[in-house]
Amino acid sequence: MLLDFPVQNEKETRAGFGEGIHEVAKLNPNVVVLTADLAGSLKLNEFIKDYPERFFQCGIAEANMIGLAAGMTIGGKIPYTTTFANFSTSRVYDQIRQSVAYSGKNVKICASHAGLTLGEDGATHQVLEDIGMMKMLPGMTVIVPCDFNQTKAATIAIANYDGPVYLRFGRPKWPNFTPLDIPFEIGKAQQINEGTDVSIFACGHLVWEAMKAVEELQNENISCDLINIHTIKPIDKEAVIRSIAKTKCIVTAEEHQQNGGLGDSIAQLAATHFPCPQEYIAVQDTFGESGKPLELLKKYGLSSEAIIQAVKKSIARKNQ
């Protein structure tokens, strides 16, 4: 693949979280884990086996889980809360705002099964608004890693970050391509390909779709600057501005509503520093539906083919 990013295998990003939380528990005795009846789905079995005294099963009581986590920070613990992304945000937004964000508590809100790729569970579980909800909270860090290795690395890194974090990842097996020797730096974008014709900013599962698009576009002599914005907030302003100043046009790609997501964050930076054409690959103000993950991505315009068309449109607008 691009710039020494070969595909190693396919693994679930949630499994990366499971390995990461087990690893960080060895390094930091203050790390504890809470779950809302979803220990298996969040791949917590190894953690529970080795650190049972640091695991708290809260049952189907997500709001209570957030309150418990906030309280634990007062005693110096580093709580990781775990459930599906929809239940990690929409169901408990008031508790997160009041007990975690407003109070600046050191809670790590870890959210699996995000976006359309939750698949067959359907629209009620496929949260597509959570990035916007969480990034609007003052002091909240928002991280959306792209594969197994990066999710594992992010899970470990956030333990050393003092402050509330929202960590978003997915359900299905997905290509795993991030090299293990690349450190995860919160707020530091990851350059995947160097190019001069267009800037593509992607996060989560859409980084892989963007990589496929870039390879196809190279065959058409279109040079793409591809950047993985794994930290939506705080965003890497320098990397974004440097790229768009070079290419003078933008495509953003995310598994989220267009309103409030990564694309909005990029557009704000462009508007205030280097205005230029921008095309959005995102869900267009609609809920999802039940279906196979890849089929849903294609239907809702979140595929490599859609990215290719958006790139050509953005370049055409630049050249008008």
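Using the Karplus equation 6.51 cos²θ - 1.76 cosθ + 1.60 (θ = phi - 60°), what ³J(HN,Hα) coupling, rounded to whole Hz, does each residue of region 61-76 give in order, writing x for Gly and Pro?
So the J values, rounded to whole Hz, are 8, 4, 5, 5, 4, 5, x, 4, 4, 4, x, 5, 5, 5, x, x.
Hey, if you drop one equal point scatterer on each alpha-carbon of the chain and run the Debye formula without solvent, what base-10 log of I(q)/I(0) do you get at q = 0.10, 0.13, 0.15 Å⁻¹?
For the requested q values the scattering log ratios are -0.52, -0.88, -1.16.
Can you list the residues, at least 5 places off or on another chain, whose amide H is less than 5 Å from the amide H of Asn193, using H built in the peptide plane?
Excluding prolines and chain starts, which carry no amide H, the hits are Leu226.
In Å, what Rg and Dmax follow from the Cα atoms of region 100-160?
Taking only Cα atoms of region 100-160, I get Rg and Dmax of 13.1, 37 Å.
Can you list the equivalent-ellipsoid semi-axes of region 190-313, largest first and in whole Å, using the square root of 5 times each Cα gyration tensor eigenvalue?
Numbers: eigenvalues 94, 59, 28 Å².
Gyration-tensor ellipsoid for region 190-313: 22, 17, 12 Å.
Averaged across orientations, what area in nm² does the convex hull of the alpha carbons in region 49-125 project? All intermediate terms of the calculation are to be shown ahead of the outcome.
Working: hull surface 23.5 nm².
Value for region 49-125: 5.9 nm².
Among Ala210, Ala15, Gly75, which residue has its Cα furthest toward the positive end of the charge dipole of the chain, with +1 on Lys/Arg Cβ and -1 on Asp/Glu Cβ?
Highest projection toward the positive end goes to Gly75.
What is the diffusion coefficient of region 131-191 in µm²/s, taking the Kirkwood radius over Cα pairs and the Stokes-Einstein relation at 4 °C with a viscosity of 1.567 mPa s? Walk me through the numbers on the way to the answer.
On the way: Rh = 12.5 Å.
Roughly 104 µm²/s, to the nearest whole number.
Just how many % of Cα pairs in region 125-235 lie over 17 Å apart, if you round to the nearest whole percent? Display every interim value, and only then the final one.
Values: 3400 of 6105 pairs.
That fraction is 56 percent.
For region 8-176, what size does the Cα cloud have along each of its three principal axes, sorted from largest down, in whole Å?
Per principal axis, max minus min of the Cα coordinates gives 40, 33, 27 Å.
Enumerate the calculated ³J(HN,Hα) couplings along region 193-200 in order (Karplus 6.51 cos²θ - 1.76 cosθ + 1.60, θ = phi - 60°), each rounded to whole Hz, writing x wherever the residue is Gly or Pro.
Once rounded to whole Hz, the list reads 8, 9, x, 10, 8, 7, 9, 10.
Under a plain spin-label model, where a point goes 7 Å from the Cα along Cα-to-Cβ, how far apart in nm are Lys26 and Asn45?
1.9 nm
When only C-alpha pairs under 8 Å and at least 6 residues apart count, what is the relative contact order of the chain, in percent? Could you put the intermediate results ahead of the total?
Details: 747 pairs, mean separation 59.9, N = 320.
Rounded, it is 19 percent for the chain.
Could you compute the net charge surrounding Glu305? Neighbours are other residues with a C-beta less than 15 Å from the C-beta of Glu305; K and R count +1, D and E count -1. Before the final figure, lay out each step's value.
Details: positive: Lys212, Lys298, Lys299, Lys312, Lys313; negative: Glu209, Glu215, Glu216, Glu220, Glu279, Glu295.
Around Glu305, the surrounding residues sum to -1.
Step through the table entries Lys248/Lys313; Lys43/Lys173; Lys11/Lys237; Lys105/Lys237; Lys188/Lys298, compare each Cα-Cα distance with 19 Å, and write down the pairs that go over it.
Numbers: Lys248/Lys313 13 Å; Lys43/Lys173 13 Å; Lys11/Lys237 30 Å; Lys105/Lys237 25 Å; Lys188/Lys298 29 Å.
Lys11/Lys237; Lys105/Lys237; Lys188/Lys298, as the Cα separations exceed 19 Å there.
Just so you know, all these numbers are worked out from the coordinates, no wet-lab data involved. Computed from a predicted model, the values in this text were never measured in an experiment. Counting neighbours? That spans all protein chains shown, and the Cβs are built from the backbone with ideal geometry, glycine included.
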